[in-house]
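A short write-up of the structure that comes next.
The values are calculated or read from the model by the stated rules, or taken from the named source; none is laboratory data. What you see is a predicted model, and the numbers here were worked out from it, not measured in a lab. Every residue, glycine as well, gets a Cβ built from its backbone with ideal geometry; the counts of neighbours run over all protein chains shown. Protein only, heavy atoms only, side chains kept; ligands, DNA and RNA dropped before computing areas. Shrake-Rupley method; radii C 1.70, N 1.55, O 1.52, S 1.80 Å.
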Amino acid sequence: MITDYKIEEILPQRKPYIMVDELIHYDDVTAKTVFEIHEENLFCENGEMQEAGLIENIAQTCAARTGYKTKLEAGANETVKIGYLGMIREMQILRKAKVGETLTTTMEIKAEIFSTTLVEAKVEVAGETIAACEMKIFLTDKTPEI
């Protein structure tokens with residue numbers, strides 16, 4: 001487990017929009033996060049996280065990897081950059097996650113060209129894959145306004 005950061009230091013999102021609790025793995029091409037779903041989550045309805053919440057969780061897993069990499073390479077005082085989803089392809093949502101479940105989300109970089117990254121990602125609950133997709137993410141020079 002990675003413990004040398006606070007999640008707010010590596011994500012451009014702010015509460016209540018944060019959909020990642022911890023970055024638990026990081027390397028040159030992959031990252032893994034965990035996120036426990038609570039009833040008050042913005043994307044929860046009738047005890048389930050809606051599809052948009054799963055997509056946002058995947059995108060924030062990618063952002064956590066990028067933010068952590070930035071902190072490692074540029075230093076603790078460097079501000080993370082804002083990224084935008086450019087494409088979601090082959091999205092499969094096999095089931096919605098329920099309140100009280102913990103998402104484990106893994107992303108792997110397939111290609112990086114300039115400020116564009118193509119990733120494959122999957123979301124699991126207790127080892128069961130509940131969602132998977134490819135995403136294209138564009139990193140900007142913008143930083144969050146705090």
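The single condition from (1) more than 13 Å from the chain's Cα centre (by Cα); (2) touching a residue at least 12 places away in the same chain (Cβ under 8 Å); (3) in a loop (DSSP other than H, G, I, E, B) that Gln13 fails is (1).
Any residue at all in region 86-100 that is open to solvent by less than 70 Å² (accessible area, probe 1.4 Å), closer than 18 Å to Asp28 by Cα and not in a strand (DSSP E or B)? No, that holds for no residue. Scanning region 43-84 for residues that are at pLDDT 95 or above and part of a loop (DSSP other than H, G, I, E, B) yields Phe43, Asn46, Gly47, Gln50.
Residues checked against (1) open to solvent by less than 60 Å² (accessible area, probe 1.4 Å); (2) more than 23 Å from Glu124 (Cβ to Cβ):
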| site | (1), (2) |
| --- | --- |
| Ile24 | yes, no |
| Asp28 | no, no |
| Ala52 | yes, no |
| Gln60 | yes, no |
| Thr66 | yes, no |
| Asn77 | no, yes |
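Scanning region 66-73 turns up no residue that is over 22 Å from Pro144 (Cα atoms) and out of contact with any Phe, Trp or Tyr (no Cβ under 6 Å at 6 or more places or on another chain). Taking residues in region 134-146 that are open to solvent by less than 100 Å² (accessible area, probe 1.4 Å), and partners anywhere that are among the aromatic types (Phe, Trp, Tyr), the pairs with Cβ atoms closer than 6 Å and at least 6 places apart or on different chains are Phe138/Tyr84. The set of residues in region 129-146 being at pLDDT below 95, in a strand (DSSP E or B) and among the polar types (S, T, N, Q) is empty.
The residue of region 32-42 that is least open to solvent (accessible area, probe 1.4 Å), among those that are over 22 Å from Glu120 (Cβ atoms) and in contact with a strand residue (DSSP E or B) (Cβ under 9 Å, 6 or more places away or on another chain), is Ile37.
Scanning region 101-128 for residues that are part of a strand (DSSP E or B), more than 16 Å from Val34 (Cβ to Cβ) and open to solvent by 60 Å² or more (accessible area, probe 1.4 Å) returns Glu108, Lys110, Glu112, Ile113, Glu120.
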